[in-house]
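**Student:** Once you've had a glance at the structure underneath, I'll fire off some questions.
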Amino acid sequence: MWAGISLGLENFTDVDYADDVSLFAAMLEVLQLTLNSEYKASGFEVNWSKTNCLYIGPDSNQPVTVDVCNEHVEVADYFVHLGSLVHHTWSSEPVIRRYIEIVNKPPMGSDAQLV
């Protein structure tokens, strides 16, 4: 089985930035199999307390946790990767609400009020 997702003609298995990695799989079982078999061979250490899984699909199918490499990994409703919010519904509404919140927040260390 192939771990990853297809967007148009492009296939993606992960997005990496420094020590931040996002892995993609069309099915949870494929992701679990890939991580269980390959993460130790890669030489990378996983900080399981900072690791979570994002299920994209209907709420009724979303598990609370998944087991990966004998660890319980929390399934999140959303996560922020490089400043962009990714929501499990794949809806743009949570992203837009987050940007509105950021814009309406006064600058740090400033007593100025935005009207």
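**Student:** Take residue 99 and decide whether it is at pLDDT 80 or above and among the aromatic types (Phe, Trp, Tyr).
**Tutor:** yes
**Student:** Could you check the range 25-72 and list, in sequence order, the residues that are within 16 Å of the chain's Cα centre (by Cα), among the aliphatic types (A, V, I, L, M) and more than 24 Å from residue 10 (Cβ to Cβ)?
**Tutor:** Within the range 25-72, 46, 64, 66, 68 qualify.
**Student:** While we're here: Does the range 55-80 hold any residues that are in contact (Cβ under 8 Å) with a residue 24 or more places away in the chain and either within 17 Å of residue 101 (Cα to Cα) or of a type in the set (Gly, Ala, Ser) (or both), and which are they?
**Tutor:** If the condition is that a residue be in contact (Cβ under 8 Å) with a residue 24 or more places away in the chain and either within 17 Å of residue 101 (Cα to Cα) or of a type in the set (Gly, Ala, Ser) (or both), then 57, 76, 78, 79 are the ones that fit.
**Student:** Also, quick follow-up: Within the range 55-93, count every residue that is at pLDDT 80 or above, within 19 Å of residue 33 (Cβ to Cβ) and of a type in the set (A, V, I, L, M, F, W, C).
**Tutor:** 5
**Student:** Name the strands (runs of 3 or more DSSP E) wholly within the range 14-59 that hold at least 1 residues that are among the acidic types (Asp, Glu) and either in contact with a His (Cβ under 6 Å, 6 or more places away or on another chain) or within 24 Å of residue 85 (Cα to Cα) (or both)?
**Tutor:** 14-17, 20-23
**Student:** Condition first: in contact with a helix residue (DSSP H, G or I) (Cβ under 7 Å, 6 or more places away or on another chain) and over 14 Å from residue 28 (Cβ atoms). Can you find one or more residues in the range 89-100 that meet it?
**Tutor:** no
**Student:** Can you tell me how many residues in the range 35-54 are farther than 18 Å from residue 20 by Cα and surrounded by 12 or more Cβ atoms within 10 Å (Cβ to Cβ)?
**Tutor:** The qualifying residues number 1.
The values are calculated or read from the model by the stated rules, or taken from the named source; none is laboratory data. Note that the coordinates shown come from a computational prediction; the quantities given were computed from them, not determined experimentally. Neighbour counts run over all protein chains shown; Cβ positions are idealised from the backbone, glycine included.
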